[in-house]
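The values are calculated or read from the model by the stated rules, or taken from the named source; none is laboratory data. Source: prediction; values computed, not measured. All Cβ positions, even for glycine, are placed from backbone atoms using ideal geometry, and neighbour counts span all protein chains on display.
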Amino acid sequence: MAGIKQSELAQRADISPSYLNLIEHNRRRIGGKLLVDIAHALDVEPTSLTEGAETALLTNLREAATNTDLPEAELARVEEFAGRFPGWAALLAEYQRRVETLQQSVEALTDRLTHDPHLAASLHEMLSTVTAIRSASSILAEPGDIEPEWQRRFNRNIYEDSARLAETSRSLVRYLEEAESEAPTNSAPQDEMDRVFQKLGFHIPQLENPHASVDAVLGELSDGLSHAAQWLLLRALDRYREDALRMPLDLCARVVAKSGSDPLALADAAHADVASAMRRLAQLPTGILKQPVGLAICDGSGVTTFRKPLPEFPLPRLGAGCALWPLYKALARPMMIHAERVEQSTRASAHHLVIAIAQPSEAPKLGRDTLFESHMLIVPEAKHETSEPVMQVGLSCRICPQSECKARREPSILVAR
Amino acid sequence: MSKQVLLIEDEPNIIEAISFILSRDGWTVKTHSNGADAVDIVRERQPDVLILDVMLPGKSGYDILRELRGDPANSDLPVLMLTARGQSKDREIAERAGCDAFMTKPFSNADVLETVRTLASK
C-alpha cells in the first residue's frame, strides 16, 4: 500500500512487523491512535482503513472474485482496494450486481423455453403445420403425374395450412411481445420488491393511518413493477398494514423507550405474536429506535422471502445464507425463541444479537399439515468485552474464511485449497 | 397381398400426405387419430409397420409404445416414431420406450418412405 514496505510502515507506526501483518489479515483489530498513526504513515483517511460501513461493498467485491482465478494474494487485498479506490470499487461492485441480475434473467429465459407451455404448444403447432405443407408440396413438386383430384386436394391442404401457419406465427409474435413488455426491469420479482422497500427505508407512512387502503398504496408503489413483483408487494403490504393496526406507532415508541429493540416486550405489550413484533420493529421510522434493526424471513424451504440487511450484517441477495444462522435452526424447533450473540466471520468487527422464531404462517387446521416460516431479527450491539460466548457465523460459504465448519456446503474462495 | 402400415397421427393433412405417398408405393395404409384406444386398434389391425406420433389426444405415443412392448404379440412390431420436438432427450425417451426409428417434424416424404421400407424388411 502506498509503495511503502511493510517493515517500514510498522516502524513508522511504532509496532512490530508481525503485529502489523496480523492487523492486515484481520486477525487483530485496529482502532484509536494506532489506526490514525498507520493512516498517517500511509497518507490516507483513517476511515478508509476501517471495516466500517463498507461491508456490503466488500461482499460484492468478493462475490465478483468468486468465479475468477484471482490469486489469493490479490483477494487478501480487497479491503485495501476498496479503501484506496472507493469509486472504482463501487463501480466493480455495481457491475457484479448487474451481472447477477442478468444471470437471473438468462436463467428465467432458459427456463421459459423449456417450460413455458404456451410457447411449447405454439411451436408444436407450427412444426406440425410446416410438416403437412412440406409433405403435400413435395408430392406436387415431384416429377410424375398426379390425378387432378389429388392435385386439387393437396393444393387446398397447402392453402389451408399456410393460412393456419400465418395465424399461429402472428399469435406467437404477439405473445412474445407481450411477455417482453411485462417485465421491463429484467430482474427477479423478489429483487424488484426488495428495491421498493429499500427506497422507502422499510417504513410506509401511508399505511400507518388506520383507514389507509392497501390498494391505493400498492397503486402508488407498483409503477413499473412486473406482475409477479406486484403480487409479492401486495402480500407484504397487507402484512404491514395488519402489523401497523395491531401495534400503532405510539405504542411502539413507548415500548422501545422502555425496553429497546426487544420483540418480546413489544409482543407482550401489544398482545401480538413474536414474529409480527419483529416485523414491526424492522418497519419503525428512524428516530424511534436508537439504531435500525435488520430482518430476514424465510419459508419452510429456507428461501428468503423478505430481507432487510444492515450495513454490518448483509444478507445474500441470491440463495440462502449461512446454515448456522438461528433463522434456519428455528425451523427445526418451531415456536421456540432462539437468541444468539453472533459475529459474521467476514466482518469480525461487529456484534449482533439475533433472535429467531419459526411460527405457522397460517392458522392451524384440524388434521392438516401446517406451513412454517422463520423470522430472524438482527439487532446491532455496541462492541464490548464480554465473557459470554459469541457465535461465529458466515454470510455465504463462498466468501466465508472459516476453515473448519460443519455447515460448509461449498468451498470458500478465501481459504487455501 | 400388400403389406399394411398403420398411421396414428392427429393432424389430418399430414395423414393425407403420408397416406398418399405410402399408397402410391404399394402399401395398404390404415389411419387412426386418437391415442386413448390406439393400443386396441394396433391389436385389431396387426399392421406390418406402425407409424406413431408422440403428441396424441388421450394418450402419449410413448405410453402407447410401452404398452405395446409389454404385449408379447407386439413386442417385435417395427415402430417409427414422429415428434415435433427433436431434443436428444425426446429421442432417448423414445428409444428407451422401444422404438425402432425416430423422426422429427418437419420430415421429408422420401425419408418416411425409405424408413418404412427398411423397417418392413427387417
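Descriptive notes on the structure:
- The range A:352-376, residues that are surrounded by 13 or more Cβ atoms within 10 Å (Cβ to Cβ) and either free of Cβ contacts under 8 Å to residues at least 60 places away in the same chain or not assigned by TED's automatic domain parsing to the domain that holds A:Phe313 (or both): A:His352, A:Leu353, A:Val354, A:Ala356, A:Ala358, A:Pro360, A:Thr370
- Summed over the range A:293-314, residues that are of a type in the set (Ser, Thr, Tyr) and assigned to a strand (DSSP E or B) total 2.
- Check on B:Asp40, away from chain A (no Cβ under 14 Å), touching a strand residue (DSSP E or B) at 6+ places or on another chain (Cβ under 6 Å), surrounded by fewer than 19 Cβ atoms within 10 Å (Cβ to Cβ) and modelled with pLDDT of 90 or more: no
- In the range A:106-115 there is no residue that is surrounded by 13 or more Cβ atoms within 10 Å (Cβ to Cβ) and within 12 Å of chain B (Cβ to nearest Cβ).
- Counting only helices (runs of 4 or more DSSP H) that sit wholly inside the range B:7-76, those with at least 1 residues that are touching a residue at least 60 places away in the same chain (Cβ under 8 Å) are B:12-24.
- Residue match in the range B:94-109 (condition: touching a residue at least 40 places away in the same chain (Cβ under 8 Å), of a type in the set (S, T, N, Q) and within 14 Å of chain A (Cβ to nearest Cβ)): yes
- Of all residues in the range A:119-155 being in contact with a helix residue (DSSP H, G or I) (Cβ under 6 Å, 6 or more places away or on another chain) and surrounded by fewer than 18 Cβ atoms within 10 Å (Cβ to Cβ), the one that is nearest to the other protein chains (Cβ to nearest Cβ): A:Ser138
- Subset tally (residues that are under 24 Å from A:Leu245 (Cβ atoms) and crowded, with 20+ Cβ neighbours inside 10 Å) for the range A:277-306: 15
- Any hit, the range B:7-22, residues being small (Gly, Ala, Ser) and either at negative phi or within 12 Å of chain A (Cβ to nearest Cβ) (or both): yes
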